[in-house]
Structures are given as structure tokens and as C-alpha cells.
1. Between Lys519 and Ser149, what length comes free when the chain is fully extended (0.36 nm per residue of separation minus the Cα-Cα distance, one decimal in nm)?
2. Along each of its three principal axes, how wide is the spread of alpha-carbon positions in the range 163-218, in whole angstrom units, largest first?
3. With just the Cα atoms defining each centre, how far is the range 84-139 from the range 165-223? Give it in Å.
4. Find how many whole Å separate the alpha carbon centroid of the range 478-539 from the alpha carbon centroid of the range 1-33.
5. Can you show me the helix-derived [θ] at 222 nm for the chain, built from DSSP H runs with n ≥ 4 at -39,500 (n - 2.57) apiece and divided by the number of residues, rounded to the nearest 500.
6. Where in the range 77-167 are there GluC sites (Glu not before Pro) that are in a DSSP coil and have at most 12 other Cβ atoms within 10 angstrom of their Cβ?
7. For the range 306-433, count the residues as N, evaluate 2.2 N^0.38 Å, and divide the Cα radius of gyration by that value, please.
8. Quick one: which of 166-176, 419-429 comes out on top by average Cβ neighbours within 10 Å, and what's the full order, highest first?
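Just so it is clear, none of the values below were taken in a lab; they were calculated from the coordinates. Small disclaimer: the values here were computed from a predicted structure and weren't measured. FYI the Cβ positions are ideal-geometry reconstructions off the backbone, even for glycines, and counts take in every protein chain you see.
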Amino acid sequence: MLSGLMMDYPLTLNTIIEHARRMSPRKTIKTKQPDGSWHEYSYADFHRRIKKLGNVLEALGVEPGDRVATFAWNNYQHLEFYFGIPCAGAVVHTLNIRLSHEQLKFIIDHAEDKVIFVEGSLLPLIEPIADQLNTAQRFVLFNMAEGQSCSLPNASHYEDLMAAASDDYEWRCNDENMAMGLCYTSGTTGMPKGVLYSHRSMMLHTLGVLQAAALGPTEADVALAVVPQFHAMAWGLPYACAWVGATIVMPGPHLQPAPLADMIEDERVTIAAGVPTIWNGLYHELRQKPRDISSITQLVVGGSAMPRGLIEAYERDFGVNVVHAWGMTEMSPIGSVAKLQARHADLDVQGRWDIKAKQGYFVPGVDARIVDDEGVDLPWDGETMGELQVRGYWVAGQYYKIENSQEHFTDDLWFRTGDVVTIDEDGFMTITDRTKDLVKSGGEWISSVDLENMLISHPDVLEAAVIAVPDERWGERPLAVLVPLDGEHDPQALNKYLLERFPKFWLPDAYVVVDEIPKTGVGKMDKKVLRQWHADGKL
Ligand code: ADP
């Protein structure tokens, strides 16, 4: 073999922060603080603080490879942890603030976190378990309210440590294969599992996100990450935006529709990313009290399926382009994006919305296939449903401290996503369900996702979840759980509406009204809970 003669330049995250310092020193990062005021500083300031953080971590006894956790909203401090911890050779472990005490304790112990950075307003969520943790020895507090006390042992204050630290620091991430981040899956389908990213995989993922075929932020963008930093690395936006010097806007704890609408209008946000629940809430807010959100070029949505009706409504009512993306914690997370392609230029609006409601094409860097129950490759004809399997530069090859098993990885080392999908001849993927959520009625599959999307597009429906319930005759039957928009719904009318698209056997056996659909820690409908409610006779 004749080897190429190019530099072996490591893919480590310090490259991003050094580039930002030189190329975008005056561009800014803005954070809406807990008290509602804005904090703003430049990438040059950001770089300086990350260097200080390196010294802070060293003083705390953090060694390369140690796991250092964060328990925080989206803000500039959390961005500092995103860079500072990995650039000090350690692993930033983003804890989901919405987990139960039990899950939180399990994850912290499993990860063996050594230090935990905790935001003041979230202290009450972690204080009760602090003395039960096996390894966490130190807590570092920030954004504490005036006079707020803390019962955590070994706690210090971030700003005190930073004030005492020098900004002279040499990066300690000297190998691209070093672990840099740890994120546990949100547990929609089982106990959380850890995904351990390397510098190399995260750098390649960042380049992946920067492709125009993916999200492609540029220096001119103003990016609002509504997706929490503890949800799959905020979908890679912080690293991608910092590399190109885009303005970053962080909402802090202000995630309700009204402050988000104000933020988008006031900051002239161009890219905003969040789960469908967030954009559903924002839509209804904007209908009630209009704001100018025309600055948005990409309203990025993923995490669960964005209903076609909402994609249509945003474009029709506000002229806003929705970019539907699919990903997984195990994929760092970007997998596919549904941007229109050249061949879609002549489609009418209905046809365009049909395309945008799909999960889209796999971005360069991600390889995919669909297989049947026996693992046999299935055709890409837009109709055949199979399990989606992926591999690529930023796909997990193993869960943290879990032996690989056939449940998650195939013998030829593809990752089993657990999503049931079709892929058409042009590579456009549509998720029909998660394997665990499909309704199997009389040997036929019913897609809970398709039913939900159709229901939510009905004017009487605010939220809808469809679950499989056991049935003696058919095995399973669909049950629809609804939140009606004005408290009213007419089952006959809904059935008639569903029959426009689906065969009769797809009709839910019943519609049950609830005040709110339970959500997981990252805002997805929690069908595990709904199934449990049903089993307990609560529905
Ligand atoms: P969890 O597995 O705990 O839900 P993740 O946030 O990693 O945590 O979820 C990944 C899953 O979310 C995917 O396997 C898929 O089922 C679902 N998902 C993500 N994006 C979309 C989307 N655009 N449409 C439908 N489902 C999606």
C-alpha cells in the first residue's frame, strides 16, 4: 500500500475553541438568566473562561478520563462545561434534570461521576439523593439565588473557583480517541443506557452537522437551542455553532411558549431547534398573541415525529420553514434530515409538506439499511417496512459498561435502532413506529405514529397518543388518548376523519380524554406510563 502523505492532525475539540477565538472573537453568546436578564459575552471571553475551567478542574483533582457531570439548563456556563471538561481530557456527562431520583442515582453511580456542576434552581432535585451517591465527591454550584443555601457536602461555588484560577492552561485532550462526552438515552423504551462519545466521533459529527445537507449553520446565523443540553448533546448545535462563530442564544430555564416567542422575535433567531411538543406550544401561543418570527430560516425539529399538520401550519400561517430531522443519542445524534431536494422543485405545496413530514435522507457520514425479523435486507421501495439499522462515523459501537448483545448490535456490527421504517428509492426514510410501540392487530401492523399525526391535525385535538392494549381476539388493539383543544371531542367525527386515510381496522377501539399526555424527561410522549395507566385501570 502507498500511504497518503497528509498530516495526522488530531480530531480534538480544542480545535473548535481555538478557531472560534481567532475567527470570531467578537461574536457573542447570549443567555437568558434565571431572573430574566440577559448575560452576553464574546467568544474571546468564552475561550478565556474555558482555559480557566481547565485549571479549576485540575485543582478539583479531575484526571483525564474522569467523568464530570452537569445538572443544568441551557446557558453559557453549561457551554463552558461542554468544552472545558473534554478539553481537560475528562468526560462531560450531561445529566437529565427531569429524571426520577432513582434513575438519577442509578446513572450517577453507573457513570462514577467524580464532580457534579449543579445549577442553583435545580439543587432541590439533587439534594435528597446526595448522601446516597457512591462516587460523586464534590459539587460545584452556579447561578445560585440571592441568599440561597445548600445542604450538599463538599460544595464550592463556580465563580469563586474561576476567580482564583489562571487562564494560562494547556489543553489535555491529546488523543482523538479519548472519550469526551457521556449521555444516557432518555429511557423512552427502558432503563437508560450510556453512550460514550470520543473527540473523534464528536468532531466528525460536528462536521456532519455543518454540512448544508444537514443543518449547515454559518457565521451569520443566530441559533437558539431549545433542545436541552442534556438531550443528546443539544443535537450538536453548540459545537457546530462555535466552530463557525454563529451567535448562540441560550434560553436558560425560560422554556414556556411566551418567553420563547419573545426571544425569537427580539434576537432575530434564524435557527431554532426543539422537540415537537415545544413547537406545538409555540404555535398556539403565536396564534393567540402574534410575534414576528420571520427571521427563522430553519425551525429544526426532531426527537419524535413532527406532525405533518404542524409543518403545514407553520409554513401556511407564519411562512416558517420547518426542518424535520431524525436522530438518536446513540448517533450523537444526527441521522437524517428532510430538506427538499432538486427533484421536489415542481411539487405543489401539499406534495412538499408530504416530503417534509418524512424523516428524510441520511446525511453523508451515516450508512443505513432495513431488515426483516430474520435480518434479511429489505428493498428501498417506500412501502416495505423493516427495522432500521445504521453505522457510521458518529454511531455508537457499544454502550458504556454493557457487553454488546444481539439486542442492540448485529454480528456484522450494525446498530439496531429499534425504529420501524420504510425507505424509498431515493433514500427518503419514514418512521412508521418504534418496534415497542407498534400495534399488532390480527397479524397486521398499525402505526401508532400515523394515527397520532392524523389525530393531531384535527382541529379539535391538541395532543394525541396511541398505545397498543391487549385484546383477546386480535392480540392488540389501538387505544387513543387525547387532550382535546377546548375540552370537547366527538368520537364519530374523529373516526370519520381517520377513515379518510386509514382502513377501518386501524380505528382506535376507544378515545380516552386526559388533562395532559405524560412526557419523558426530554418531552416525548411517555407511552410506558400510558400503558401502565391502562394496566392499572386508570384510563
Ligand atoms: P430515547 O431512545 O430514550 O427516546 P433518544 O432521544 O435518543 O432517546 O430517542 C431516539 C428515538 O427518538 C429514535 O429512535 C426515534 O424513535 C425517535 N425519533 C427521533 N427523531 C424522530 C423523528 N424526527 N421522528 C420520529 N421519531 C423520532
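1. 130.1 nm
2. Extents along the principal axes, in whole Å: 44, 34, 26.
3. Cα centres, the range 84-139 to the range 165-223: 19 Å.
4. 47
5. That comes out to -8000 deg cm²/dmol.
6. Qualifying residues, ordered by number: Glu146.
7. In units of the 2.2 N^0.38 Å rule of thumb, it is 1.14.
8. For the peptides 166-176, 419-429, the packing ranking is 419-429, 166-176.
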